[in-house]
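Visitor: Please find one structure pasted underneath; my questions will follow.
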Amino acid sequence: MELIGLANYAIFMGILIGIYALLSLALNIQWGFTGLFNAGVAGFFAIGAYTSAILTSTPALNRMGGFEWPILLGWAAAMLVAAMIAWPIGKICLRFRSDYLAIATIGVAEIFRLIIKSEDWLTGGSRGITGIPRPFGDLPYVQSQLAYLALVVIAVLVVYLLVERQLKAPWGRMMRAIRDNEAAAAAMGKQVEARRLQAFIFGSAIMGLAGALFVHFNRSITPEAIDPMIATFLIWIMLILGGSGNNRGAILGAAVIWIIWSVSELLTDRLPTEVAIQAKYIRIFIIGLMLQLVLRFRPEGILPEERKRNPVGPG
Amino acid sequence: MKLKTTAGLIASLLGAALIAAPAQAQDARIALLGGISGPIAAMAPPMIAASELAVKQVNEQGGIGNGGTLRHVVGDSACNPQNATDAATKAVNIDRVIGIVGPHCSGAVLAAANSVAVPAGVLMITPSGTSPQITAIDDKDLVFRTVPSDDYQGRALARTIKERGMAKVAVAYLNNDYGKGLAESFKAEFEALGGEIAGYSAHEDGKASYRSDLAQLARGGADTLVIFDYGDGTGLTLLRQALENNFFTNYVGADGMKSDAVIRELGADNLETFFTSAPVGEASESLENFRAAFSAAGGNPDAIFTTTAYDAAFLMALAIEKAGGDRAKLSESLRAVASAPGEPILPGEWAKAKQLIAEGKDIDYKGAAGDHEFNQAGDVAGNYAFFKVSGDTYEAIADMK
């Protein structure tokens, strides 16, 4: 029957999964390979989103920006600005370890959220920014979505290949060494602080790119989109479920969680309306339950980290 | 391998969903999208229930077209763009709806309109998205709302007090979305009318004293203080301290200040020059109809945005009936059934409306929340009145245009 509709829905899911996969890959660089507990994903997502929005949107009366830059430049700027902001934050916060770092990064993300909500001249405050162009946005519905999916897939693929390459290189092994035994890595002459900062900046830039891809898809951004629930913790769940330390796991986790989140609503909608409204909460429950089960029975995630006993090549 | 598994998983789940939902040809399907989970979880269920009441009335009184039923799905937009676009995409592509009532939050409306409803050509009526940004969506005439923009009250208040001879005012607003939005639109309109703003400042919530803020505002020589704040909170403190020190002659507030706490704490004797604006569900037969029906259905008609949610769904049904289920004609039909001239239709009068439409007569829906004459951008004017304190309560003294 409605094959076009199904395809359309699948395309849409593909786009969101792609955006979340980027976030999950970025977090994997920070947590999976370097052991940095960044609980402020939403902050860097927001920086990328707003940077690209301000640079590429049409001019507006009440705020700065609307420079109508080309979209690709906006994306590049999103990565650059996210990286530049990550640098001083990393400098200060990365001296903390594990849970202290988590608390500090939650705080940082919250500061960004409040700045975005209150600095009207820059971000439009709680009203947000509209008039953001979407590449191929003038095409009809299906074609436009398809074209955007292609862009997102290209972005994920490029990031995946680059990150894989980087992690297979000596750099990746060094990062794992730092993660697993910092003192030993330092004793081997590795600059632990600088390397951790590198990973933090690298991951943050990719989070910025994901934010940029998200705003151009929706053509608008408001502070509601950077709620920690949907822009930080959901990504942690994706990474843990998929398998932290494994890039394919990070992408798979994003896909599995988003599909459960989205498709379960279709099923609960078949229930009588009185129950259906309450049943909406079931998806939150299912995701929580899955996380519990994975942590209990397969803490390494669906696709665990590959550990090679005898790595080939120069060490 | 992974791709295949994923695709297989999607396909089987979607297949299950589809088999369970066969669509009949003459039926019309709409979606009610609301912030069921998320920050407005307490507000959303009564709003959904009000919209469902409209759907129920339609089906009890003859349904859609020739024996068709108006069917609806409820989607969770969770008050954020990620879930709103997801819910709208499912509604449009899987459930094949031709109209969406919702979403509830402005950010969700912006995202769902821009990335789903407008590209897909689906009519969307939000009952509670009040952001002025919604006006500016490039919407091919597909995005409407039954609630006035935040901009409206501030501007209407500026016109009203200018007309009443207060030409030099100071503005004190609470530094949040509500206070700031009102203050900005008030200022723009008041200055455009030639009024003078002799003081304009934001204040933070919950301080013990605002005397220095007030003294600063009074220095400009204004005789009227306009307060955009809440009468249960900081606004009360501000008003009390201004009265104690005789900083100004007149005091004006918006709907947030129209609180019984103000009269109780300060006394009606001291509030002879205190005025507020507030929305009025035009004391009409329409509102009575809705209140009676919604109470009978077990709902609370005083819950916020239930009137606009009901009207949005009822208007959607009228538009579908008028358009004969043709999605390309929906927005044009919506304008036709909502605007004067025409035979007035009140909430619940579906059978009458259906018959008039069948006879080819023009109708004009008079909703529970107002008349709903949509302007070019799909916005409605609000019904606001200007109140003064009278005894223990507030009394409306003028309509605000």
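Visitor: Rg and Dmax in Å for region B:279-384, alpha carbons only: what are they?
Guide: Calculated on Cα positions, Rg and Dmax stand at 13.4, 37 Å.
Visitor: Mind checking which of A:275, A:237, A:170 is farthest towards the positive end of region A:122-279's charge dipole, using Cβ charges of +1 (Lys, Arg) and -1 (Asp, Glu) about the Cα centre?
Guide: Ranked along the dipole, the leading option is A:170.
Visitor: Note down the magnitude of the dipole of region B:258-362 about its Cα centre, charges +1 on Lys and Arg C-beta and -1 on Asp and Glu C-beta and zero elsewhere, to the nearest 20 debye.
Guide: So the dipole magnitude of region B:258-362 works out to roughly 500 debye.
Visitor: Any idea how far apart residue A:157 and residue A:186 come out in nm if each label point goes 7 Å out from Cα toward Cβ?
Guide: Each label point is offset 7 Å from its Cα along the Cβ direction, giving 4.3 nm.
Visitor: Enumerate by residue number the GluC sites (Glu not before Pro) in region B:338-401 meeting two conditions: DSSP loop (anything except H, G, I, E, B), and at most 15 other Cβ atoms within 10 Å of the site's Cβ.
Guide: Those satisfying the criteria are B:359, B:373.
Visitor: Moving on. Could you tell me the distance between the Cα centroids of region A:1-41 and region A:132-168, to the nearest Å?
Guide: 12
Visitor: Considering only DSSP beta bridges where both residues belong to the protein assembly as shown, give the percentage that are antiparallel (nearest 5).
Guide: 25
Visitor: Still on this structure: Quick one: pull the percentage of alpha-carbon pairs in the protein assembly as shown with a separation above 44 Å.
Guide: Above the 44 Å cut-off, the protein assembly as shown has 30 percent of its Cα pairs.
Visitor: What are the principal axis extents of the Cα atoms in region B:151-272, in Å, biggest first?
Guide: 35, 28, 25
Visitor: How long are the three semi-axes of the equivalent ellipsoid for region B:32-189, computed from the Cα gyration tensor as the root of 5 times each eigenvalue, in whole Å, largest first?
Guide: 34, 17, 15
Visitor: Moving on. Pull up the cross-link candidates among the lysines for residue A:168, meaning alpha carbon to alpha carbon under 25 Å and not fewer than 8 places away within one chain.
Guide: Within the straight-line cut-off, residue A:168 pairs with A:190, A:308, B:2.
Visitor: For residue B:167, which sequence-distant residues (separation of 5 or more, or a different chain) have an amide H within less than 5 Å of its own amide H, given hydrogens modelled in the peptide plane?
Guide: Counting only residues 5 or more places away or on other chains, the set is empty.
Visitor: On to the next question. Once you have the Kirkwood Rh of region A:58-172 from its Cα pairs, apply Stokes-Einstein at 4 °C and 1.567 mPa s and quote D in µm²/s.
Guide: 74
Visitor: Another question about this same structure. Skipping prolines and chain starts, which residues have an amide H placed within reach, meaning under 5 Å, of the one on residue B:123, given they are 5 or more residues away or on another chain?
Guide: Amide H neighbours of residue B:123: B:100.
Visitor: Determine the residues within region A:122-157 where the difference in accessible area between the chain on its own and the full set of protein chains amounts to at least 50 Å²; count protein heavy atoms only and use a 1.4 Å probe.
Guide: Those are A:127, A:130, A:141, which lose 50 Å² or more relative to the chain on its own.
Visitor: Continuing with this model, one more query. Mean shadow of chain B, computed from the convex hull of its alpha carbons, in nm²?
Guide: Result: 22.2 nm².
Visitor: Rounded to the nearest 20 debye, what is the charge dipole size of region A:8-226 about its Cα centre when +1 sits on each Lys and Arg Cβ and -1 on each Asp and Glu Cβ?
Guide: For this selection, approximately 520 debye.
Visitor: If a helix is a whole DSSP H run, which ones in chain A reach 18 Å or further along their own axis (Cα) and hold a mean Kyte-Doolittle hydropathy of at least 1.0?
Guide: A:3-27, A:41-56, A:71-93, A:98-118, A:141-168, A:247-268, A:282-297
Visitor: In addition: Could you report region A:75-125's accessible area per residue, 1.4 Å probe, as an integer in Å²?
Guide: Here the residues of region A:75-125 average 54 Å² of exposed surface.
Visitor: Name the residue farthest towards the positive end of the dipole of chain B from the options B:318, B:67, B:181, assuming +1 on Cβ of Lys and Arg, -1 on Cβ of Asp and Glu, about the Cα centre.
Guide: Toward the positive end, the furthest listed residue is B:67.
Visitor: Still on this structure, please answer the following. Just flag the trypsin sites (Lys or Arg not before Pro) in region B:129-233 sitting in loop per DSSP whose Cβ has no more than 13 other Cβ atoms within 10 Å.
Guide: B:140, B:207, B:219
Visitor: Same structure again: Once phi is turned into ³J(HN,Hα) by the Karplus curve 6.51 cos²θ - 1.76 cosθ + 1.60 with θ = phi - 60°, what whole-Hz value does each residue of region B:67-72 show in order, with x for glycine and proline?
Guide: x, x, 10, 8, 9, 9
Visitor: Taking only the alpha-carbon atoms of region A:202-315, what semi-axes of the equivalent ellipsoid follow from 5 times the gyration tensor eigenvalues under a square root, in whole Å, largest first?
Guide: Gyration-tensor ellipsoid for region A:202-315: 31, 22, 10 Å.
Visitor: In peptide B:83-96, how many Cβ atoms from other protein chains are near each Cβ within 10 Å, on average?
Guide: 6
Visitor: Moving to a separate point now. Report the antiparallel proportion of the DSSP beta bridges in chain B as a percent, rounded to a multiple of 5.
Guide: 25
Visitor: In degrees from 0 to 90, rounded to the nearest 10, what is the angle of the helix B:2-19 Cα long axis to the longest principal axis of chain B?
Guide: Relative to chain B, helix B:2-19 is tipped by roughly 90 degrees.
Visitor: How about region A:74-156: which trypsin sites (Lys or Arg not before Pro) there are in a DSSP loop, with at most 16 other Cβ atoms within 10 Å of their Cβ?
Guide: A:95, A:97
Visitor: Positive end of the dipole of region B:151-272, charges at C-beta (+1 Lys, Arg; -1 Asp, Glu), about the Cα centre: which of B:238, B:169, B:270 has its Cα farthest in that direction?
Guide: B:169
Visitor: If you place +1 on the Cβ of every Lys and Arg and -1 on the Cβ of every Asp and Glu, how big does the dipole about the Cα centre of the protein assembly as shown come out, in debye to the nearest 20?
Guide: So the magnitude is around 3540 debye.
Visitor: Can you give the calculated 222 nm mean residue ellipticity of chain A, where each DSSP H run of n ≥ 4 adds -39,500 (n - 2.57) and the sum is split over every residue, rounded to the nearest 500 deg cm²/dmol?
Guide: -23000 deg cm²/dmol
The values are calculated or read from the model by the stated rules, or taken from the named source; none is laboratory data. Note that the structure is a prediction, hence the values are computed from the model and not measured. Reconstructed Cβ throughout: ideal geometry from the backbone, glycine too, with neighbour counts over all protein chains shown. The protein model used for the area step is the full one, side chains on, heavy atoms only, and it has no ligands, DNA or RNA in it. Shrake-Rupley method; radii C 1.70, N 1.55, O 1.52, S 1.80 Å.
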